[in-house]
1. When you scan the range 161-175, how many residues do you find that are part of a loop (DSSP other than H, G, I, E, B) and near the ligand (Cβ under 9 Å from one of its atoms)?
2. Working only within the range 338-368, note down all residues that are small (Gly, Ala, Ser) and surrounded by fewer than 21 Cβ atoms within 10 Å (Cβ to Cβ).
3. Kindly indicate whether ARG222 is more than 16 Å from the ligand (Cβ to nearest atom) and assigned by TED's automatic domain parsing to the domain that holds ASN51.
4. Could you tell me which of the residues ILE88, ILE152 is more than 16 Å from the ligand (Cβ to nearest atom), within 24 Å of ALA71 (Cα to Cα) and surrounded by fewer than 23 Cβ atoms within 10 Å (Cβ to Cβ)?
5. From (1) farther than 30 Å from GLU363 by Cα; (2) away from the ligand (no atom under 16 Å from the Cβ), pick out the condition that doesn't hold for ASP11.
6. Please work out which residue is nearest to the ligand (Cβ to nearest atom), limiting yourself to the range 65-85 and to residues that are assigned to a loop (DSSP other than H, G, I, E, B) and of a type in the set (Val, Ile, Thr).
7. Does any residue of the range 257-275 turn out to be closer than 27 Å to GLU336 by Cα, of a type in the set (D, E, K, R), more than 19 Å from the chain's Cα centre (by Cα) and outside any loop (DSSP other than H, G, I, E, B)?
8. List the number of the failed condition for GLU258; all other conditions in (1) in contact (Cβ under 8 Å) with a residue 60 or more places away in the chain; (2) surrounded by fewer than 18 Cβ atoms within 10 Å (Cβ to Cβ) hold.
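The values are calculated or read from the model by the stated rules, or taken from the named source; none is laboratory data. Owing to the predicted nature of the structure, the values given are computational and were not obtained by experimental measurement. Backbone-built Cβ (ideal geometry, glycine too); neighbour counts: all protein chains shown.
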Amino acid sequence: MSQIPFMDLSDCYNQVYDEIMEKIGHLIDNTRFIGGEEVNKFEEEFAEYCNTEYCIGCGNGTDALVLALRALEIGQGDKVITVPNTFIATAEAVTNVGAKVDFVDVEEDTYTMDPEKLQNYLKNQDSTDNIKAIIPVHLYGQMANMEEIMKIAREYGLKVIEDSAQAHGAELNGKRPGEYGDIATFSFYPGKNLGAFGDAGALVTNNEGLYKKVKMLANHGRLEEKYKHRVEGYNSRLDSIQAAVLRVKLNYLEEWTEERIKNAKYYDDFLTDKEVVTPVVRKNARHVYHLYVVRANKRDELRNELSNEDISTGIHYPIPLHLQPAYEYLGYKEGEFPISENVSEEIISLPMWPELSNSDIKEICSYL
Ligand SMILES: *Cc1c(COP(=O)(O)O)cnc(C)c1O
């Protein structure tokens with residue numbers, strides 16, 4: 001039958017093409033490439049979308065994590081806790097500011113940080129003095145159990161960075177990323193729920209001090225005067241063309257998110273009697289389905305079968321971070337984070353994008 005890609009970005013671009021081209025043309029005519037109104041307006045509008053006071057655009061989602069850690073003054077000698085089943089950027093950022101990364105395992109049903117495991121981890125430390133922050137990851141579009149995670153963070157005086165690269169518009173108890181933690185980081189990589197025409201990222205926060213620090217760090221450590229640098233920072237700015245693209249697309253994001261949710265519902269319904277575990281949504285949560293991930297015992301066979309039918313799928317992620325060659329130096333062994341390890345062998349991400357058709361979903365499910 002028909003070939004079905006894992007993700008199709010062109011459907012959505014066709015809807016916004018003219019609007020975006022006009023804006024880009026305007027920016028080029030005015031040679032307005034860095035900063036300016038498009039960036040300022042996008043930051044205002046994205047902060048509003050997140051229900052937070054402040055937003056700072058930056059180069060990408062990985063930089064956003066680095067900037068958040070630096071703004072929280074985390075570095076050499078500090079330890080930061082995250083989960084093993086995430087994209088490497090989450091852990092990379094910690095190492096890149098000179099701190100040490102450590103992991104706690106995830107919940108069996110939502111694949112997000114398990115507050116109980118976090119609590120036990122902290123209880124079992126001789127000293128928690130060097131543990132400075134936790135980075136829960138709102139994986140696949142669903143927020144981690146932030147109510148419990150925040151309680152533990154407060155008990156131990158830990159900062160919280162919400163890695164929200166996959167969770168634009170996700171909610172838990174009516175709150176969005178950035179409303180629970182000290183700061184939330186976003187990626188606008190083209191395939192994310194809100195995607196630029198290249199690399200881009202942002203941070204949101206309700207903390208004015210953090211906002212000012214991040215803004216300074218992202219622009220070579222300068223605040224107001226052009227060649228006066230308070231600290232050494234980074235060149236990690238959101239450029240005007242990307243901001244213009246994001247502003248246009250932000251107007252459609254809720255509509256597109258509702259389409260994703262509708263598609264997930266179609267999948268859920270078509271898969272009721274199949275031998276796969278469909279996504280579990282937390283109570284009072286809005287899952288925005290960056291990815292629609294199911295669990296299957298014979299994952300690799302299933303993936304091959306789908307591939308034979310010309311249906312593309314993904315695995316997010318096939319190797320937990322503690323078993324990655326890049327983290328061999330941390331000395332973890334197989335079996336240390338059993339849930340992440342088991343999950344990595346059973347998960348498969350099915351095609352998902354807003355305009356994916358009901359008939360395509362039906363066809364995909366017929367092979368499962
Ligand atoms: C995409 C992603 C990032 C990194 O974002 P980039 O914009 O690609 O740097 C970080 N964390 C998670 C969970 C992601 O999915």
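1. Of the residues in the range 161-175, 4 are part of a loop (DSSP other than H, G, I, E, B) and near the ligand (Cβ under 9 Å from one of its atoms).
2. Of the range 338-368, the ones small (Gly, Ala, Ser) are 340, 344, 349, 357, 359, 366.
Listed by number, the residues that qualify are SER344, SER349, SER357, SER359, SER366.
3. Details: more than 16 Å from the ligand (Cβ to nearest atom): yes; assigned by TED's automatic domain parsing to the domain that holds ASN51: yes.
So ARG222 passes the test.
4. Values: ILE88 fails: more than 16 Å from the ligand (Cβ to nearest atom).
Selected residue: ILE152, the only one of ILE88, ILE152 that is more than 16 Å from the ligand (Cβ to nearest atom), within 24 Å of ALA71 (Cα to Cα) and surrounded by fewer than 23 Cβ atoms within 10 Å (Cβ to Cβ).
5. So ASP11 meets the others, but not (1).
6. Our first condition is that a residue be assigned to a loop (DSSP other than H, G, I, E, B); within the range 65-85, this holds for 72-78, 83-85.
If we keep only those that are of a type in the set (Val, Ile, Thr) too, we end up with 74, 83.
Numbers: ILE74: 17, VAL83: 10 Å.
Only one residue tops the list, namely VAL83.
7. Applying the first criterion (closer than 27 Å to GLU336 by Cα) to the range 257-275 yields none.
No, the range 257-275 contains no residue that is closer than 27 Å to GLU336 by Cα, of a type in the set (D, E, K, R), more than 19 Å from the chain's Cα centre (by Cα) and outside any loop (DSSP other than H, G, I, E, B).
8. Unmet condition: (1).
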